[in-house]
Amino acid sequence: MKSTKPYLIRAIHEWCADQGFTAYLAVKVDATTRVPREFVKDGEIVLNVGIEATHQLSMGNEEITFQARFGGRAFPVVVPIERVAAIYARENGEGMAFEVTETPTGEVGIEGDTLDATTQEASSSVSPAPTPERPSGRPVLTRVK
């Protein structure tokens, strides 16, 4: 069965656009994530994915791709869906957080940087809420504010 995560990300992005808000993605960076490394902080980067900030934005079921300007220069961005920690509106913080599975310590980053345990931690400002263990059976919907 396919994950609902890419559909939820696209829905919240569309909601932000409809409300006139700026959609931001919080992404946990690893070797599969293509972002400018100089803007990664504590193993995470927050990306403006608003309509005016991106060029050729494509939000597929496997990855999100677009071109954006970082420090005045264009950069092609590739974010696998499983690395998205949250999508939210900059103006009011409303959105949704997701669980991101951590990569093993010592994995090599895209520009040859080694990611250690401290780099893997998410910043406290946009970390997904822990999901408690629940018994199998009927599905439960969690409301995220």
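The values are calculated or read from the model by the stated rules, or taken from the named source; none is laboratory data. Values in this document were obtained by computation on a predicted structure and should not be read as measured data. With ideal geometry, Cβ positions are generated from the backbone for all residues, glycine too; neighbour counts draw on all protein chains shown. In case anyone asks, the SASA skips ligands and DNA or RNA and just uses the protein heavy atoms, side chains included. Shrake-Rupley method; radii C 1.70, N 1.55, O 1.52, S 1.80 Å.
Side notes on the structure shown:
- Tally, over the stretch 1-39, of residues that are among the aliphatic types (A, V, I, L, M) and without any contact (Cβ under 8 Å) to a residue 24 or more places away in the chain: 2
- Residues (under 23 Å from Gln19 (Cα atoms), open to solvent by 40 Å² or more (accessible area, probe 1.4 Å) and touching a residue at least 12 places away in the same chain (Cβ under 8 Å)) located in the stretch 54-64: His55
- Qualifying residues in the stretch 63-82 (those that are assigned to a strand (DSSP E or B) and of a type in the set (D, E, K, R)) - the one farthest from Ala11 (Cα to Cα): Arg73
- Qualifying residues in the stretch 1-53 (those that are out of contact with any Gly (no Cβ under 8 Å at 6 or more places or on another chain), part of a loop (DSSP other than H, G, I, E, B) and under 15 Å from Phe98 (Cα atoms)) - the one most open to solvent (accessible area, probe 1.4 Å): Thr4
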